[in-house]
Amino acid sequence: MASFPRTLRLTTCLPRQSGLGYTSIQLQAARTKWKASSSLPRADISIPPRLRTATTTQRRWAATDNRTQITPPSSNPDEIPPATYSPPTTGVISRLPPSWIAYAELIRLDKPAGTYYLFLPCLFSTLLAASLATPITSPLTVLSTGALFFAGALVMRGAGCTINDLWDRNLDPHVERTRLRPIARGAITVNRAIPFLGLQLFTGLAILLQFPSQCFFYATPSLVLVTLYPLAKRITTYPQFVLGLTFSWGAIMGFPALGIDLLTNTSALASAACLYGSCVAWTLIYDMIYAYQDIRDDAKVGILSIARTHEANAKQFLAAVSAVQVGLLAGAGYFAEAGMVYYFLACGGAGATLDHMIREVKLDDVADCASWFRRGAWATGGVISGGMFLDCLANYFGVYGPKKNVAAEGDVVAVE
């Protein structure tokens, strides 16, 4: 009996090991050519059962107007099951014009937790630096500076997602959580994603130029980390550390944003360094929990992660890193001359929320990991911000007593 000719398989077919099969158009073209060129009776033309099943299913998918085929079925139980994409019907992006939806999904506009995690270190540093500024920064200035940082976080997080998806465009289709991303499913081509990335970066630059000029020089090195983070998943078992270095950069930016030169004020530099380290540790915690959503798929496609590295002692590792985070947060307050409100609410609250999260999270439950990742932003991040803001108000209104305003290291210019 004749077999399906290998020479008729079109070059666009995806590899067998990926679990993806042949399209109905390719199969129909192959049948037509084979029938025309073969002298065998029609009954002798054989198509493997797997291909017949795939063809039938693909025709059924094609009949659905608003769905995009992602993967045909596979007889291998280890492969990712078939998936289809349907446009969102709820949420912010469902109200956008249809041509904008893929770009909104690319920058994760419907998943704001990442924006919050990028913004919060900026807010921490702004609140911590407010009491070190000369004169002490007013609460209104702190809020307006924070709003500007939020706009920058929204844009730059989107740019980071675009860069990540460009790097991972050949990996995302094989991971269940990411296979419906716009570039992975073909809704946005590389040739369109790159100009869109350029637009995002120029928008981020426009926001950055609204800050004092020295902020430009402090912010520029972070672009290298934004670009290289997706590569870290291929070369190190601790890519979350690289992500922490990237997402925590805002822990430095609040000081120059309020006019504090870190190169001449050693107390501010020490405070910023401790805060930066604390935020890096926090990133390891929440992104390790996030990584547990993909731990099985990561193992299949060779993506490295801290979740895979510490799978045997995950919660012990998370607890140890939490202790480091809270300790460095306390160090940041010490060098910034923070008051008791800071230590009790910001540091104590951070320790309590982290302990609760680590105890309660079910690392073998994808939905639970995703839920705690989202809640962690404003559970831990919110209590730190609240403690810092109240401490900032206490300093501003003199609750802790007269405070010295220092223009340069050791140079006292005023006493309130």
Positions within segment 280-313 being within 27 Å of Gly331 (Cβ to Cβ) and touching a Leu at 6+ places or on another chain (Cβ under 8 Å), in sequence order: Val280, Ala281, Thr283, Ile285, Asp287, Met288, Ile289, Ile306
Can you find even one residue in segment 131-140 that is surrounded by fewer than 20 Cβ atoms within 10 Å (Cβ to Cβ), on the phi < 0 side of the Ramachandran plot and in a helix (DSSP H, G or I)? yes
Every residue in segment 345-360 that is in contact (Cβ under 8 Å) with a residue 60 or more places away in the chain and either in contact with an Asp or Glu (Cβ under 6 Å, 6 or more places away or on another chain) or of a type in the set (Lys, Arg) (or both), please. none
Going through (1) more than 27 Å from Ala350 (Cβ to Cβ); (2) within 24 Å of the chain's Cα centre (by Cα) one by one, Ala153 fails only at (1)
Scanning segment 380-395 for residues that are in contact with a Gly (Cβ under 9 Å, 6 or more places away or on another chain), touching a residue at least 12 places away in the same chain (Cβ under 8 Å) and of a type outside the set (S, T, N, Q), the one farthest from Ser125 (Cα to Cα) turns out to be Ala394
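Tell me, please, whether a residue that is over 23 Å from Ser125 (Cβ atoms), in contact with an Asp or Glu (Cβ under 8 Å, 6 or more places away or on another chain) and modelled with pLDDT under 90 can be found in segment 400-409. Please lay out each step first, then the result.
Residues of segment 400-409 over 23 Å from Ser125 (Cβ atoms): 401-402.
Keeping just the survivors that are in contact with an Asp or Glu (Cβ under 8 Å, 6 or more places away or on another chain) gives 402.
From what's left, modelled with pLDDT under 90: 402.
Yes.
Tally the residues that are in contact (Cβ under 8 Å) with a residue 40 or more places away in the chain and either crowded, with 18+ Cβ neighbours inside 10 Å or within 23 Å of Ala130 (Cα to Cα) (or both), restricting the search to segment 219-231.
3
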Within segment 150-160, can one find any residue that is hydrophobic (A, V, I, L, M, F, W, C) and without any contact (Cβ under 8 Å) to a residue 24 or more places away in the chain? no
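Select, from Gln316, Gln240, the only residue that is without any contact (Cβ under 8 Å) to a residue 40 or more places away in the chain, of a type in the set (S, T, N, Q) and in the same structural domain as Pro402 (by TED's automatic domain parsing). Talk me through it step by step, then tell me what you get.
Details: Gln240 fails: without any contact (Cβ under 8 Å) to a residue 40 or more places away in the chain.
None of the others qualify; the one that does is Gln316.
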Of the numbered conditions (1) part of a helix (DSSP H, G or I); (2) over 20 Å from the mean Cα position of the chain (by Cα); (3) more than 20 Å from Leu120 (Cβ to Cβ), Arg308 satisfies every one except a single condition; which is it? (2)
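Considering only residues that are of a type in the set (Lys, Arg) and touching a helix residue (DSSP H, G or I) at 6+ places or on another chain (Cβ under 6 Å), look in segment 174-209 and name the one that is surrounded by the fewest Cβ atoms within 10 Å (Cβ to Cβ). Reasoning before the result, please.
As a first pass, look at segment 174-209 and keep what is of a type in the set (Lys, Arg): 177, 179, 181, 185, 192.
Filter again for touching a helix residue (DSSP H, G or I) at 6+ places or on another chain (Cβ under 6 Å), leaving 179, 181.
On the way: Arg179: 18, Arg181: 23.
Once the filter is applied, the top-ranked residue is Arg179.
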Anything in segment 234-258 that is modelled with pLDDT under 95 and assigned to a loop (DSSP other than H, G, I, E, B)? List them, or say none. Thr236, Thr237, Tyr238
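Tell me which residues, restricted to segment 259-283, are hydrophobic (A, V, I, L, M, F, W, C) and buried (at least 24 other Cβ atoms within 10 Å of the Cβ).
Ile260, Ala268, Ala272, Leu275, Cys279, Val280, Trp282
The values are calculated or read from the model by the stated rules, or taken from the named source; none is laboratory data. Computed from a predicted structure; not experimentally measured. For neighbour counting, all protein chains shown are included, and Cβ atoms are generated from backbone atoms with ideal geometry for every residue, glycine included.
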